[in-house]
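In what follows, a single structure is set out as structure tokens and then discussed.
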Amino acid sequence: MNSVLVIHGPNLQLLGQREPGIYGVITLAKINAQLKKIAAKHAVRLVIRQSNHEGAIVEYIGKAKNRFSALLINPAAYTHTSVAIRDAIAAAGIPTVEVHLSNIYAREEFRHTSLMSPVAHGVISGFGPQSYLLGLAAILDLLKNR
Ligand code: DQA
């Protein structure tokens with residue numbers, strides 16, 4: 001059975017209350033429930049983690065090799081700063097899809113650089129909560145065609 005690790009980075013536990021004009025009003029619990037539903041339909045095991053701590057995220061990814069078929073990650077603010085998370089993704093060597101609720105390229109300049117994108121299989125940015133669902137669809141497709 002394929003299994004996918006989903007990681008939500010810092011402040012995403014606040015979805016629904018956090019800058020709703022940018023990130024929308026849907027909570028992380030609702031997004032996770034939608035992801036679980038899609039995964040179940042495709043007989044894929046989903047493990048979901050959220051952390052505000054860079055080291056914790058590095059450890060989740062560090063244990064992913066040989067345990068997960070793919071990684072779906074919204075690194076949130078760490079997207080723009082974390083060499084450690086980027087290196088963890090590169091080391092894991094499993095197909096990784098980077099997602100963002102907002103279009104990071106349409107926002108402040110400091111968000112235009114993603115340290116993750118060069119080591120990701122692909123990036124989905126700007127579709128709100130749908131970015132996660134599109135990201136999972138992309139992973140299911142990758143796993144099917146592997
Ligand atoms: C984000 C975009 C990041 O720039 C920001 O720091 C976030 C969320 C997004 O999903 O749009 O926390 O990754």
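The values are calculated or read from the model by the stated rules, or taken from the named source; none is laboratory data. Predicted model only: the values in this text are computed from it and were never measured. Heads up, the Cβs are rebuilt from the backbone with ideal geometry, glycines too, and the neighbour counts pull from every protein chain shown. Side chains included, ligands, DNA and RNA excluded: accessible areas come from the protein's heavy atoms. Shrake-Rupley method; radii C 1.70, N 1.55, O 1.52, S 1.80 Å.
At a glance:
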{"quantity": "Considering residues of the stretch 42-68 that are touching a helix residue (DSSP H, G or I) at 6+ places or on another chain (Cβ under 6 Å) and in a loop (DSSP other than H, G, I, E, B) only, the residue surrounded by the fewest Cβ atoms within 10 Å (Cβ to Cβ)", "calculated": "LYS65"}
{"quantity": "Only listed residue being closer than 22 Å to PRO129 by Cβ, within 13 Å of the chain's Cα centre (by Cα) and buried (at least 19 other Cβ atoms within 10 Å of the Cβ), chosen from LEU71, LEU15", "calculated": "LEU71"}
{"quantity": "Residues of the stretch 3-29 that turn out to be in contact with a helix residue (DSSP H, G or I) (Cβ under 7 Å, 6 or more places away or on another chain), more than 13 Å from the ligand (Cβ to nearest atom) and more than 26 Å from LYS65 (Cα to Cα), as a count", "calculated": "0"}
{"quantity": "Of the criteria (1) touching a residue at least 60 places away in the same chain (Cβ under 8 Å); (2) more than 18 Å from ILE139 (Cβ to Cβ); (3) open to solvent by 70 Å² or more (accessible area, probe 1.4 Å), which one TYR78 fails", "calculated": "(3)"}
{"quantity": "Members of the stretch 1-36 that are among the β-branched types (Val, Ile, Thr) and in contact (Cβ under 8 Å) with a residue 60 or more places away in the chain", "calculated": "VAL4, VAL6, ILE7, ILE22, ILE26, ILE31"}
{"quantity": "Contacts under 6 angstrom Cβ, first residue in the stretch 133-146 being not assigned by TED's automatic domain parsing to the domain that holds ALA39, partner part of a helix (DSSP H, G or I), 6 or more apart", "calculated": "LEU136/LEU35; LEU136/ILE38"}
{"quantity": "Residue list for the stretch 3-30, restricted to those being assigned to a loop (DSSP other than H, G, I, E, B) and touching a strand residue (DSSP E or B) at 6+ places or on another chain (Cβ under 7 Å)", "calculated": "GLY9"}
{"quantity": "Index of the failed condition, PRO118 passing every other in (1) within 12 Å of the ligand (Cβ to nearest atom); (2) more than 25 Å from LYS30 (Cβ to Cβ); (3) open to solvent by 70 Å² or more (accessible area, probe 1.4 Å)", "calculated": "(1)"}
{"quantity": "Of residues in the stretch 88-115 being free of Cβ contacts under 8 Å to residues at least 24 places away in the same chain and part of a helix (DSSP H, G or I), the one nearest to GLY24 (Cα to Cα)", "calculated": "ALA106"}
{"quantity": "Criterion: over 26 Å from ASN2 (Cβ atoms), within 12 Å of the ligand (Cβ to nearest atom) and in a helix (DSSP H, G or I) - qualifying residue of ALA84, ALA77", "calculated": "ALA77"}
{"quantity": "Failed criterion for ALA39 (all others in (1) free of Cβ contacts under 8 Å to residues at least 24 places away in the same chain; (2) among the aliphatic types (A, V, I, L, M); (3) surrounded by 15 or more Cβ atoms within 10 Å (Cβ to Cβ); (4) touching a Lys or Arg at 6+ places or on another chain (Cβ under 9 Å) hold)", "calculated": "(1)"}
